[in-house]
Amino acid sequence: MSTDKAHSGKHHFAHHFKSALHEFETAKQGIWLFMVTEILMFGGLFVGYFIYHSKYPEMFTEGASYLDYKMGFINTLVLIFSSFTMALGIYFLQKGQQKKAIMALATTILCGAIFMVVKYFEYSHKFHLGLLPGKFFAGEAVNANLPLYFGFYYCMTGLHGTHVLIGMGLITWVMIRTMKGEFGPEYYTPVEGVGIFWHIVDLIWIYLFPLLYLIG
Amino acid sequence: MANHTEEHQHHITPFTVYNKVFWALIALTLLTVYTAKFIHLGALAAPVAVLIATTKAMLVMAYFMHLKYESNLNRIIFGTGFFFLALLYIICAIDVGTRILEKSTL
């Protein structure tokens, strides 16, 4: 952990590492291990979705009819762009261009906010129709077990949305640290870690969008 | 303790690479929507959509997440996530797919 916060050019790596690069690579490896758990967590929900989809295809088609693919499409573009700006944030730090890095990180947070606003409109429309998960379902249904579809829908998109919010918080944290001059070409490890997390969030959505909105 | 000979082996991906990957992702997203909503693929719709999604995922992982330039170990670590996920799906699918509905004889 860096105890030298003000001088990014004089990052003192912990003594049990061979070099600053060794410390960086180790931190990154830890993040990758964490990402494996993320894949498995979301993946479990995907497996459940696939299995029940194969059991009740008409019910899933009915549920999917309530999803607006245009909103999902906008959200996909927003998240892909946010991944681009997140990668640029790290790129500018590697180049020592602090101000541009801050702009890139701020744009990433803004994209996350846009995503959540679109999500808000999607959710509120469904609440209005009584399309709630499981036992809270109060809408019209041709298939009796339609509440199961919305159980999946809210769990998967809700968990993803929570990750978007957490990601926004983390990016805000590293952005503030960048503003304080803590990061530069010699040290930007936390930004790298947060970046990998944010790309996972994008990755999950890249699969969620076609699965929920397009294939149904 | 402080390393005076910093070896900057951090590979910096060029801006042009990020730019190209971004536009490729946008194009693939448009393709996903087009093949799912504007042409009739029938049973092929799902595999095509998953295939395009996987292509997009590989681009994000390789370039935005830098995996192309990472050590083999990090690629293997991340790959095990998908491997075990595939295992989870296959075993569950076999389980559910080979069930026989039995009526109780009692």
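The values are calculated or read from the model by the stated rules, or taken from the named source; none is laboratory data. Quantities reported herein were computed from a predicted structural model and do not represent experimental measurements. Quick reminder, even Gly has a Cβ in these numbers, built from the backbone with ideal geometry, and neighbours come from all protein chains shown. Note: accessible area is taken over every heavy atom of the protein model, side chains too, but ligands, DNA and RNA are not part of it. Shrake-Rupley method; radii C 1.70, N 1.55, O 1.52, S 1.80 Å.
On a 0 to 90 degree scale, rounded to 10, what angle separates helix B:72-97 from the longest Cα axis of chain B?
10 degrees
Give me the percent of Cα-Cα pairs in the range A:124-216 that sit more than 23 Å apart, rounded to a whole number.
Values: 1898 of 4278 pairs.
Tail fraction, whole percent: 44.
Please tell me the relative contact order of chain A in percent, rounded to the nearest whole number, where contacts are Cα pairs under 8 Å and at least six residues apart. Spell out each step's value before the answer.
Numbers: 232 pairs, mean separation 70.5, N = 216.
Answer for chain A is 33 percent.
What's the average, rounded to a whole number, of partner chain beta-carbon atoms within 10 Å of each residue's beta-carbon in B:57-66?
Details: counts 5, 0, 3, 10, 5, 0, 3, 13, 13, 7.
That average works out to 6.
Could you report the protein assembly as shown's accessible area per residue, 1.4 Å probe, as an integer in Å²? Walk me through the intermediate numbers first.
On the way: 16110 Å² over 322 residues.
Result: 50 Å² of accessible area for each residue.
Using the Kirkwood formula over every pair of different C-alpha atoms, what hydrodynamic radius in Å results for the range A:63-169? Write down the numbers at each step before the final one.
Details: mean 1/r = 0.0648 Å⁻¹.
After inverting the pairwise mean of 1/r, the radius is 15.4 Å.
Roughly how much accessible area, to the nearest 100 Å², goes out of reach of solvent when B and A pair up, both sides summed, probe 1.4 Å?
Details: alone 9250 and 11380 Å², together 16110 Å².
Answer for the B-A pair: about 4500 Å² buried.
Can you pull a Stokes-Einstein diffusion coefficient for the protein assembly as shown at 37 °C (0.692 mPa s), Rh from Kirkwood over Cα pairs, as a whole number of µm²/s? Numbers along the way, then the final one.
Working: Rh = 21.3 Å.
Approximately 154 µm²/s, per Stokes-Einstein.
Given a Förster radius of 22 Å and the C-beta distance between B:M58 and A:Q29 as r, what FRET efficiency does 1/(1 + (r/R0)^6) yield to the nearest 0.05? Kindly include the intermediate steps, with their values, before the conclusion.
Values: r = 21 Å, r/R0 = 0.94.
My answer for the efficiency is 0.60.
Quantify, in whole percent, the carbon and sulfur part of the accessible surface of chain A (1.4 Å probe; protein heavy atoms only).
Numbers: 6270 of 9090 Å².
Heavy-atom surface of chain A belonging to carbon and sulfur, 1.4 Å probe: 69 percent.
Taking K and R as +1 and D and E as -1, what net charge do the other residues with C-beta under 11 Å from the C-beta of A:G195 add up to?
Values: positive: A:K28; negative: A:E192, A:D202.
Once positives and negatives cancel, what remains is -1.
Output the 0 to 90 degree angle, nearest 10, between the alpha-carbon long axis of helix A:146-179 and the longest principal axis computed from the alpha carbons of chain A.
Long axis of A:146-179 versus the principal axis of chain A: about 20 degrees.
Once both axes come from the Cα atoms, what is the angle between helix B:15-33 and the longest principal axis of chain B, in degrees from 0 to 90, rounded to 10?
In chain B, helix B:15-33 runs at an angle near 20 degrees to the longest axis.
When the helix-only estimate is applied to chain A (DSSP H runs of n ≥ 4, each -39,500 (n - 2.57), divided by the residue count), what is the mean residue ellipticity at 222 nm, nearest 500 deg cm²/dmol?
Values: 6 runs with 155 residues, N = 216.
Value at 222 nm, helices only: -25500 deg cm²/dmol.
Using Cα springs under 10 Å in a Gaussian network model of chain A, which residue among A:T157, A:T37, A:T85 shows the largest mean-square fluctuation?
A:T37
For the protein assembly as shown, give the magnitude of the charge dipole about the Cα centre (Cβ charges: +1 Lys/Arg, -1 Asp/Glu; no others), in debye to the nearest 20. Provide the component values of the computation, followed by the final result.
On the way: 21 positive and 18 negative charges, 73 e Å.
It comes to approximately 340 debye.
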